[in-house]
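First up is the structure itself, then whatever we jot down about it.
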Amino acid sequence: MQKPSIPKGTRDFGPIQVNRRNYIFDTLRRVFVKYGYQPIETPVMENLSTLTGKYGEEGDQLLFKVLNSGDFLRKVNDADYQEGNYKKMTFQISEKGLRYDLTIPFARYVVMNQNDIAFPFKRYQIQPVWRGDRPQKGRYREFYQCDVDVVGSDSLINEVELTQIYDEGFAALGIDVVIKMNNRKILTGIAEAAGIPDKMMAMTMAIDKLDKIGIDGVKDEMRRKEINETAIDTIENILNIKDFSELEDFFKDSETGLKGVEEFRTVVGYLKEIDLKNEVVFDITLARGLNYYTGTIYEVAAKDVKIGSIGGGGRYDDLTGTFGLKGVSGVGVSFGAARIYDVMEELDIFPDSTAAGTQLLFVTFDEASFDYAFNALQTIRKAGINAEIYPTPTKMKKQMKYANARKIPYVAVVGDNEMQAGEVALKNMQTGEQENLTVLDLVAKLTQ
RNA sequence: GUAGUUGUAGCUCAGUUGGUUAGAGCGCUGGAUUGUGGUUCCAGAGGUCGCCGGUUCAAAUCCGGUCUUCUACCCCA
């Protein structure tokens with residue numbers, strides 16, 4: 001008999017973990033709803049054509065493809081097979097893929113349902129996504145994301161509110177975070193100021209690593225990407241500035257750069273008037289990989305745990321454009337549920353209430369006491385108390401051990417004495433104290 | 001995809017230069033205790049040493065391959 005296993009990078013979730021994860025979802029959901037966002041869900045599978053080309057070449061590699069049903073070899077081009085051209089063949093044997101994030105499916109949803117949607121459309125979505133990554137710390141192949149996006153509004157007030165949602169959401173969970181912000185237009189401005197607009201992507205990827213590899217590492221990386229020395233000097237000077245307002249001196253000839261600074265100033269202006277619990281910082285080195293961002297970009301890092309980012313997002317001016325709906329701007333942020341879980345576990349800040357399940361277990365000795373207890377159980381449940389009965393009247397030790405293992409706080413023992421008195425013996429499993437009560441008194445005690 | 005790392009009982013792990021019948025703790029089952037768990041004592045069950053192949057009189061141990069775990073790079077939540 002083979003030992004069972006689950007695919008690499010996936011995990012089972014036991015009762016405790018699911019309760020805790022639901023606690024995270026419930027907490028965030030309350031915040032999302034408070035700010036006027038509505039829930040949607042999309043299928044786990046999308047057409048492969050919907051997903052490919054949206055996440056860069058790396059992203060395409062990390063997509064899980066679903067093999068066509070039936071004779072999937074029928075459509076394979078023999079020449080491609082002979083050449084060993086697996087990339088072309090991929091699309092001949094697979095037409096569907098598992099979603100890689102929630103943003104692209106959302107864009108697809110907006111385009112398909114544009115006639116029924118009242119814009120600006122504010123939606124939240126809590127569903128798992130899949131990536132064919134090598135698993136390691138804080139990286140899984142299946143994980144939940146909680147996305148909040150608004151489409152159909154250019155207003156920077158959305159950026160402000162999403163910052164608030166981050167702040168309020170993490171505060172509600174009890175995680176101290178730094179909310180890092182930047183603007184893609186500022187990054188474009190840097191590339192233009194350095195005279196290398198065509199190398200903007202290579203440049204941002206390099207400076208994104210600043211805190212990891214240092215300024216010399218960044219410069220080496222840019223040299224490898226064939227960025228010239230004068231440009232590197234200019235970029236280094238810009239990276240050294242302290243306040244984003246100083247950027248304007250560098251951006252005299254970069255319209256986009258100036259626009260980015262202006263946008264950023266507007267957002268910061270609003271944020272100053274709001275009482276935030278977490279730190280919000282301007283981080284010029286923040287780049288982020290997804291290439292559809294065009295304006296504000298966000299990234300959230302936990303202060304007390306080293307685990308990479310636990311949230312990210314940004315503004316994308318033309319996300320729905322690839323699906324045929326032009327001129328609709330969107331902005332959104334994502335909460336990385338799996339990493340948030342890991343952080344909360346490491347900090348040990350899950351509230352005890354997340355473990356709450358059964359409150360009361362009935363323990364019985366024989367058929368007569370079982371019937372009596374089963375009857376009482378119905379009354380208890382009608383009163384809204386989570387309760388169960390050990391399904392067979394067996395040895396008391398066994399039943400008590402079960403209650404203990406399940407961390408059930410109260411046990412109601414029913415034997416001859418109790419039945420005769422019309423009572424149950426209620427035992428507090430934490431203190432060991434025991435008292436005899438009628439079922440009505442029991443309800444009163446447990447509902448107070 | 002590259003580099004390193006891990007795999008032995010349900011779980012966490014020992015296992016010496018290759019040498020008879022592979023161990024411990026926890027957990028599980030039964031008993032001490034016919035109405036009291038979380039503490040104690042006794043007994044028992046439970047293993048294809050990841051998988052395939054090789055070296056050897058002899059492999060958990062050495063060699064090769066493969067899968068897996070974790071970590072770093074790449075990229076990202």
With 0.36 nm assigned to each residue of separation and the Cα-Cα distance removed, A:Glu255 to A:Val76 gains 59.5 nm
Extension gain (nm, one decimal) between A:Thr392 and A:Ile215, 0.36 nm per residue minus Cα-Cα:
56.8 nm
Kirkwood Rh in Å, taken over all unlike Cα pairs in segment A:334-381:
14.2 Å
If R0 = 45 Å, then A:Arg224 and A:Asp352, at their Cβ-Cβ distance, give a FRET efficiency to the nearest 0.05 of 0.30
Among residues other than A:Ile227 whose Cβ falls under 12 Å from its Cβ, what is the net charge (Lys/Arg +1, Asp/Glu -1)?
-2
Placed amide H near A:Gly132: partners under 5 Å, 5+ positions off or other chain
A:Leu63, A:Phe64
Relative counts (whole %) of C-alpha pair distances in segment A:356-447, using bins that are 10 Å wide
18, 58, 24, 0
Accessible area expressed per residue, chain A, with surrounding protein chains retained (probe 1.4 Å, Å²)
52 Å²
Round to a whole number: what % of the accessible area of segment A:403-448 belongs to carbon and sulfur, probe 1.4 Å?
41 percent
First measure r as the distance between the Cβ atoms of A:Val268 and A:Lys445, then evaluate 1/(1 + (r/R0)^6) with R0 = 45 Å and state the FRET efficiency to the nearest 0.05.
0.25
Just to confirm my numbers, what's the Cα centroid distance between segment A:4-27 and segment A:285-357 in Å?
19 Å
Does segment A:49-162 classify as rounded, prolate or oblate by the C-alpha gyration tensor (a ≥ b ≥ c root eigenvalues; a/c under 1.5 gives rounded; else a/b over b/c gives prolate, otherwise oblate)?
prolate
Mind counting lysine pairs for me in segment A:356-447? Cα separation below 23 Å, and the two need to be 8 or more apart along the chain or on different chains.
13
Just want the answer: with Cβ charges of +1 for Lys and Arg and -1 for Asp and Glu, which residue in A:Leu377, A:Leu440, A:Met200 is farthest toward the dipole's positive end in chain A?
A:Leu377
Going through the DSSP H helices of chain A, which span 20 Å or more along their own axis at the Cα atoms while scoring at least -1.0 as a mean Kyte-Doolittle hydropathy?
A:15-34, A:157-173, A:255-272, A:367-382
Inter-part distance where segment A:221-235 and segment A:64-126 are each reduced to a Cα centre, Å
38 Å
Can you tell me how much longer the chain between A:Gln61 and A:Ile307 gets when fully stretched, taken as 0.36 nm per residue apart minus their C-alpha distance, in nm with one decimal?
86.2 nm
Alpha carbon Rg of chain A, scaled by the compact-globule rule 2.2 N^0.38 Å:
1.27
Tell me whether segment A:279-362 comes out rounded, prolate or oblate; compute the Cα gyration tensor, take square roots of the eigenvalues as a ≥ b ≥ c, and use a/c under 1.5 as the rounded threshold.
oblate
Report the Stokes-Einstein translational diffusion coefficient (µm² s⁻¹, integer) for segment A:132-206, Rh taken as the Kirkwood radius over Cα pairs, at 37 °C with viscosity 0.692 mPa s.
206 µm²/s
Mean separation of Cα contacts under 8 Å, 6 or more apart, over the residue count of chain A: relative contact order %:
15 percent
Mean-position separation - Cα centroids, segment A:256-275 and segment A:405-437, in angstrom
63 Å
Using alpha-carbon positions, the gyration tensor of segment A:21-105 gives root eigenvalues a ≥ b ≥ c; with a/c under 1.5 called rounded, otherwise prolate if a/b exceeds b/c, else oblate, the class is prolate
Theoretical ellipticity at 222 nm over chain A - DSSP helices of four or more residues, -39500 (n - 2.57) apiece, nearest 500:
-12500 deg cm²/dmol
Contact order relative to length of segment A:313-371, as percent, for alpha carbon pairs under 8 angstrom and 6 or more apart:
21 percent
Can you tell me, using C-alpha contacts under 8 Å and at least 6 residues apart, the relative contact order of segment A:356-447 as a whole percent?
30 percent
By DSSP, what percent of the beta bridges with both residues in segment A:356-447 are antiparallel, rounded to the nearest 5?
50 percent
Eligible lysines near A:Lys303 by straight Cα distance, threshold 25 Å, same-chain separation 8 or greater
A:Lys137, A:Lys180, A:Lys209, A:Lys212, A:Lys242, A:Lys272, A:Lys277
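The values are calculated or read from the model by the stated rules, or taken from the named source; none is laboratory data. In this text the structure is predicted, and so the values were computed from the model without any measurement. For neighbour counting, all protein chains shown are included, and Cβ atoms are generated from backbone atoms with ideal geometry for every residue, glycine included. SASA here: full protein model, heavy atoms, side chains in, ligands and nucleic acids out. Shrake-Rupley method; radii C 1.70, N 1.55, O 1.52, S 1.80 Å.
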